[in-house]
Amino acid sequence: MRLVTWNVNSLKARMPRVLQLLEEVGPDVVCLQETKAEAAAFPADELAEAGYEAAHHSGGRWAGVAVLARSGRARGEEVHGLPGEARPEEARWVEAEVDGVRVISTYVVNGREVDSPWFAEKLAFLDAMAARVRALREARPDQPVVLAGDLNVCRDDRDVYDPAAFAGSTHVTAQERERLEALLDAGGLVDAYRDVDPDGQLFTWWDYRAGHFHKGLGLRIDYVLAGGLEVRDYAMLRDFRKGSKPSDHAPVLVELGRP
DNA sequence: ATGTCACACCGTGTGTGA
């Protein structure tokens, strides 16, 4: 399974680049985050013309997630929302079954400031993710799971361009990192990037401001976490962060296979 | 450099979220 995850920062604004990616990369499955679309305005027809069907959970102005699958692939149950989340209306979690694999696209709460109410919601969201993945794995141990998206956490200091500059900020706290490890444990999941490059450094997000992309000042906050599948290849598609009207995130491409 | 982008609103700019 050739799978892409991409925080597009508005699907409407990014549609030309999304169609370019579908054509050039030819993924089987695409997990999108921050689609920022009203359900009625989701561009399902345009995507269908490009050969993809969408399971989308749309919340309007903010957030919004989707799973695209090549037309004709076997599709199963679709789940909108994360059991136990505080604000289901924010549309941060969607599950789809494609070719027998449970595919999840998620956009984790940002958290804004450490010790703010939003940070507490972020930690609770990460806890609910682990509980959901554990429940899925226990209910169907033979079904592979891919959890992909913008987790808004840097797993360790290698995933941060300047750890000192981020001291005291969200995305790098012990509380967030402990929960990411707990999520991996709960689902028996592998961090696809670390699996293929245990000692490397690679980013997936760069601030639009101050030329951070050009200077290599980024974070790794977008992940593909795989359970019951082998990670055969991993690529961060840097070119999609360049050029005209890029997202502030690059897409990530993985090749997954049944062991 | 407080450095950018995208959204909604009744708007030729402001507030919100990232």
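Every number in this text was worked out from the coordinates using simple rules, so none of it is lab data. This one's a predicted model, so the numbers in the text were calculated from it and none came from an experiment. Using ideal geometry, Cβ is built from the backbone for each residue, glycine included, and neighbour counts are taken over all protein chains shown.
Assorted remarks:
- Chain A, helix-only ellipticity at 222 nm - DSSP H runs n ≥ 4, -39,500 (n - 2.57), divided by all residues, nearest 500: -8000 deg cm²/dmol
- Cα lying deepest toward the dipole's positive end in segment A:1-120, options A:VAL79, A:GLN20, A:MET1, charges on Cβ: A:GLN20
- Top of A:HIS57, A:HIS212, A:HIS249 by mean-square fluctuation, Gaussian network on chain A, Cα under 10 Å: A:HIS212
- Taking amide H as placed 1.01 Å from N in the peptide plane, A:VAL103 has its amide H under 5 Å from the amide H of A:ALA96, A:GLU97, A:VAL98, A:VAL146, each at least 5 places away in sequence or on another chain.
- Residue ranges A:231-239, A:219-227 sort as A:219-227, A:231-239 when ordered by packing (mean number of other C-beta atoms within 10 Å per residue, highest first).
- Close amide H pairs (under 5 Å, H built 1.01 Å from N) link A:TYR161 with A:GLY218, residues at least 5 positions away or on another chain.
- Compactness of segment A:1-131 - radius of gyration and Dmax, Cα, Å: 14.7, 46
- Kyte-Doolittle mean at least 0.0, axial Cα span of 15 Å or more - DSSP H helices of chain A: A:11-25, A:117-139
- Phi-based couplings in Hz for segment A:142-151 (Karplus 6.51, -1.76, 1.60; Gly and Pro marked x): 8, 8, x, 10, 10, 10, 10, x, 8, 8
- Gyration tensor (alpha-carbon) shape descriptor, chain A, a/c threshold 1.5: rounded
- Euclidean distance of C-alpha centroids, segment A:150-181 and segment A:42-57, integer Å: 34 Å
- In terms of overall dimensions, segment A:54-185 has a Cα radius of gyration and Dmax of 15.5, 49 angstrom.
- Here segment A:127-235 is described by how far its Cα atoms reach on the three principal axes: 47, 30, 23 Å, from widest to narrowest.
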